1. For region C:570-577, check the following and say yes or no: at least one residue is among the β-branched types (Val, Ile, Thr), at pLDDT 85 or above and not in a helix (DSSP H, G or I).
2. Looking only at region A:93-135, count how many residues are within 14 Å of chain C (Cβ to nearest Cβ), in a helix (DSSP H, G or I) and loosely packed, with under 15 Cβ neighbours inside 10 Å.
3. Kindly indicate whether any position in region A:188-198 is in contact (Cβ under 8 Å) with a residue 12 or more places away in the chain, crowded, with 19+ Cβ neighbours inside 10 Å and charged (D, E, K, R).
4. Give the residue that is farthest from the other protein chains (Cβ to nearest Cβ), with candidates limited to residues of region B:52-72 that are part of a strand (DSSP E or B) and basic (Lys, Arg).
5. Quick test for you: out of C:Trp71, C:Trp79, pick the one residue that is touching a helix residue (DSSP H, G or I) at 6+ places or on another chain (Cβ under 8 Å), free of Cβ contacts under 8 Å to residues at least 24 places away in the same chain and either surrounded by fewer than 21 Cβ atoms within 10 Å (Cβ to Cβ) or not assigned by TED's automatic domain parsing to the domain that holds C:Gly434 (or both).
6. Within region B:110-196, considering only helices (runs of 4 or more DSSP H) that don't extend past its boundaries, which have at least 2 residues that are within 11 Å of chain A (Cβ to nearest Cβ)?
7. Within region C:324-344, identify whether any single residue is among the charged types (D, E, K, R), in contact with a helix residue (DSSP H, G or I) (Cβ under 8 Å, 6 or more places away or on another chain) and modelled with pLDDT of 80 or more, and answer yes or no.
8. Any idea which of B:Ala139, B:Ala180, B:Ala145, B:Ala161 is under 12 Å from the mean Cα position of the chain (by Cα) and small (Gly, Ala, Ser)?
Amino acid sequence: MSARAGHPQTPMLELRGVRAAYGRIEVVHGVDLEVPAGSVTAILGPNGAGKSTMLKVVCGLLPATDGDVIVAGRRVNGATPDQLARAGLCLIPEGKGIFPNLTVRENLRMATYTGRSLASIEERTYQRFPRLGERRNQLAGTMSGGEQQMLAMARALATDPALLLLDELSMGLAPIIVEELYAAVAEVAREGVAILVVEQFAQTVLGVADRAAIMVHGEVVASGPPGELARDLAAAYLGGDGGTRSPDGAAIR
Amino acid sequence: MAALDCSGVTVSFGGHLALDDVDVTAADGAVTGLIGPNGAGKTTLFNVVCGLLTPSRGVVSLGGRELNRLPPYKRARLGLARTFQRLELFGLLTVRENVLVAADVRGTMGAAEVEAVIERVGLAGRIDDRVDELPTGQARLVEIARALATRPRVLLLDEPASGLDERETDELGRLLRELAAEGMAVLLVEHDVRLVMEVCDLIHVLDFGRIIAVGDAATVRSDEAVLAAYLGGSLEAS
Amino acid sequence: MVLAAWLAQGLGPALDASSDVDKFLSFTVAGLSVAAILAVGASGLVLTYTTTGVFNFAHGAIGMLGAFAYWQLRFDWGWPAPLAIATVLFVLGPLFGALLELVIFRGLQQTTETVKLVVTVSLLFSLIGLANWVWDPDVLRRDAKFLSGRGFDVAGVAVTWHEFITIVVAVAVAAGLRVLLYHTRAGIAMRAAVDDRPLAALNGARPDRSSMLAWAIGSSLAALSGILFVGTISLAPAPMSLLIVNAYAAAMIGRLRSLPMTFVGALVLGLTEGYLRGYLSDWTDNNQYFDSTFVSAVPVIVLFVVLLVLPSARLRAHGTARTREVVPMPSMRGAFTFAAVVVAGTALAIPLLTTANAVTMGRMYGLAIVALALVPLIGLAGQVSLAHWSLAGIGAVTMAHLGTGGSPMGIVWAFVFTALVGALIALPTLRLSGIYLALATAAFAVFLDRWVFRLRPFDLPFTDVKIALFGTGSVGVPDLKLFGYTFDTYYRQLMLMATTFALMSVFVVWLRRSRFGRRLLAMKDSPAACATVGMNLTMTKLTIFAVSAGMAGIGGALIGSLQGSTNQQNWEFTVGLPVFMVAVVGGIQRVGGALFAGISLAVLAAMPDWPVLRNVSWFPNLATVTPGLMGIGLGRNPNGAVADMREAFEPLARARAVFLAFLAALGALYLYVVTSDVGAWWLIIGGVVLLLGATAFVQSRARGADTGAAGPQPMFAGDELEWVGIDRPFTPDDLAALDDRLGALEVR
């Protein structure tokens, strides 16, 4: 089953009223969401809002307690992570998407289980991320955080995913690196991949996202085109009346 | 003089500066907040303060006494107590026993007072349950009770509200205010910014290992550097 | 070689003649050949440890098995050497490793380190037993060099083919591992699984397969090192299995991670051994301390030292894998009851016991005391010690020398002295935990085995005191004399040991209930949290180590007294392993677990002499292997067998009337057996039958009650149905309630 087989109009990923809980404590209270192919959808919100939990539900690491998870038109509640992975879903987990004690090349070699040759993976990767080409024989763990994330993405892309889930891609990285990474994300989306980004740091991702939603305390409190969401962000993150400033620092009122 | 004073604390992990010349103070009788995005270095600072991690530079002092060379247990005996973000409970023991372990170390509390402390954090109903069996939120409260049982002068709380529901969070906020009113210095690391804004007298904001802002809730909330840190991107870039 | 020659010349005056240079070079070659074997063994160990997280104490035993298998094919069955070697290395070794992974170790991923430790230690023990079973230990198997006899000269030094081949093999293994791990996808996947197992799985690699491959290769390498050993030593299961302790030191120099450093470690150790063998007698002038036994202790000393200088880990937070362990909170009343039952039961048994049985039972309590010493240390404080049996040996020696004439001071000194030694071990090892602590204590025990316990009588340095640990081989241990009463018969000694065990049990329960016990449990769960509430972990660990060691010392002293004399072989590392294993199997958190260990081991040791089994030739072997099999089977139940038994028999204890009836029947049976001459076995058999019968009765009634009055609500407030009419008479109210209930059932 390839997720690519989905009907063009059906979104690659759809959540309907998804709830999730750790033990008795519910942390996601009914989330609706659509991620169409060839677009970047961003979920923003402060830490502890339930964003990562939602990702876990999508990739099968945590069962939804209610609602439907639909990938390429098929309800996949209860599918295991490796089943979903084979269906074309790929998650880059927060801060640990690489093997630190393997070289860049060896990391890429770990992506050859999907049947692609190492040579073709290397070629495509070094084309997209020239910096990785320069460091192909370096241990991944000794590279900078940004390069590590590039490698994580490169390895994920080598598996030809239909749906790419990115968890806190920008965590701990300097803004300039984050921009570079998101430029690559946008490019990947243009190639037809559906991308769901979960981010605490909103600024850069809003520049590349086609749609965005703000999640606070396990609920989506606002969603729409990125431009319309800017003013809700400050309130979501720092409390208070919010809206005093847009994220770009200009006063709104 | 501040109860807890960290000055110039610097920690590097293999070339990466986890804390870069950080100054943080916590005054007696006040709740001091320490916020910042994930990975900013908050827990690292706590580990430095209580002696689990040696800084490459900087001084930590408690009530004017320098702590740098003291092992963790001696710092605790001088009045420093903490809770852990990744819970460090005595899972084989009951709630009561967990607190008793701390109270017995120097005999800071008798059995009756231990019960009172447990009641104070709202766990009277589960006093004889094994802590392994508690949900995360309540387990965090056990850590607070355990820390209180050493009768600390300075209390470090690492994400005490995660796993608590809204009502429990409000109660926690009230408890922190009470403790401060009794003269304790409370240093609070917390993701629930609403709680921090409500209860803290002074807030430090940490980003990439540096303090980028200090002030009360209103100041911090409208600080551009803070907004940038939380929302990502640099102001100059946009 | 050139370097060695240069070194030799550099040593100048010590080696002035050219024959000295030759000597030096030949010691170097010998050392290199030892280094090669160590390197091969250690690299297999490191490979399995890094990829699967299991430190395989049985690695040496697998090598030993490989060596025996090779011997079998090569010499007993006359296969050509290359074929025999290929079969062992490429078929039997890998198969055995893969099988171990599949059957035993795959299920252990989520268990505690203690469980993993017990399982591999048990495997070690079982394999030794197995080898002794299959290959008659009285047959001498030695000197099977490859291409024996011939050799060649390098720079005037004779190098045997065996040495040459050994060194070449080690180099080939190093190169082969390098290629495997860095240039094949299977090898890269192994390393990837070490870094991040779930991520490797997400990539489509199969970490389970990587583990299996690691076990297969590890076993094959172990077998290879075993086969290489065949040329240098005679085959004997236990010493060969422990030779790998030398390789542990090499592996530890590689921090159990780095293969290149492991090879360096092997080189250092091998050369050290080569030179010491060559020069030690010259250097020390054959003095009373450093005889040839010292050389074999050197690798263990290196291991101990390397463990101590390892960069200290930060205070450990929780281990990732936590199993639900239960540490019961026994009541003091329960403890006194237990103690009373032990003492009274032993007293009642005495009229029925033959002398041999009394010795068996005394030994049972002795073993139980040593096991009991482990309860507070492992069960409460979470500190593993594999040195307790050796500590017990120190207790026995102390009693032998300082308990002259049965003076109770002998026991006191046995406690004090072993407690001091325990503290001495604990002091440098305080930073260690888990597998490292186990290794350090094992190293200490083997160090005693190989050197200290074998020392001929010597002078205590700087004093006139003459120390003769085991005299010239064996030393007499006096019977204890207390307030003018001498424990000079086996029966008296049995009572003494039972009473000691009972008192110590009460002490351990008291300890568990005390503040200190709470502190130990807290430390086991979270050392970091303990430190931050102001607890001095160093003092806590030191105290519990000393107390526990002292208890073991008393056990050893009493065992020595019971035996009348004691020797070095009594206290060897491998002899003590079953005590550790079976105590954990029984339940290391409980006093009952210690008794379980004592009973199991003493009974297993005595069974081959039972009339029914005396003629079963294979039974002694089975009895030897059994503790190991118990340990391997443990994996699944970290709370121990005693907890399960308790659960099984609890209903009986609660059904008071049935319980009283059971006791009465048992008493009657006892009286009958004592007054007639039917033999004591009838009491045991009858007792077991009664116990099982009574339990079955209680259970069947409970089941009957369940089906008869199906429904969750309690029928009679405050009481369970099964008790009504048993512990109090039926009342009209009960009958009414019963009617009511049955009526309700009919309506349904």
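The values are calculated or read from the model by the stated rules, or taken from the named source; none is laboratory data. Owing to the predicted nature of the structure, the values given are computational and were not obtained by experimental measurement. Positions of Cβ are generated from backbone atoms using ideal geometry, with glycine treated the same way; all protein chains shown enter the neighbour counts.
1. Within region C:570-577, not a single residue is among the β-branched types (Val, Ile, Thr), at pLDDT 85 or above and not in a helix (DSSP H, G or I).
2. Going through region A:93-135 one residue at a time, the tally reaches 2.
3. no
4. Looking only at region B:52-72, we keep the residues that are part of a strand (DSSP E or B), and these are B:57-62, B:65-66.
Now drop any that are not basic (Lys, Arg), which leaves B:57, B:65.
Working: B:Arg57: 19, B:Arg65: 15 Å.
Among residues in region B:52-72 that are part of a strand (DSSP E or B) and basic (Lys, Arg), the one farthest from the other protein chains (Cβ to nearest Cβ) is B:Arg57.
5. That would be C:Trp79, the only listed residue that is touching a helix residue (DSSP H, G or I) at 6+ places or on another chain (Cβ under 8 Å), free of Cβ contacts under 8 Å to residues at least 24 places away in the same chain and either surrounded by fewer than 21 Cβ atoms within 10 Å (Cβ to Cβ) or not assigned by TED's automatic domain parsing to the domain that holds C:Gly434 (or both).
6. Values: elements: B:111-120, B:136-148, B:166-181.
Per the criteria, B:136-148, B:166-181.
7. Checked against the condition, which is being among the charged types (D, E, K, R), in contact with a helix residue (DSSP H, G or I) (Cβ under 8 Å, 6 or more places away or on another chain) and modelled with pLDDT of 80 or more, region C:324-344 yields no hits at all.
8. On the way: B:Ala139 fails: under 12 Å from the mean Cα position of the chain (by Cα); B:Ala180 fails: under 12 Å from the mean Cα position of the chain (by Cα); B:Ala145 fails: under 12 Å from the mean Cα position of the chain (by Cα).
Among B:Ala139, B:Ala180, B:Ala145, B:Ala161, only B:Ala161 is under 12 Å from the mean Cα position of the chain (by Cα) and small (Gly, Ala, Ser).
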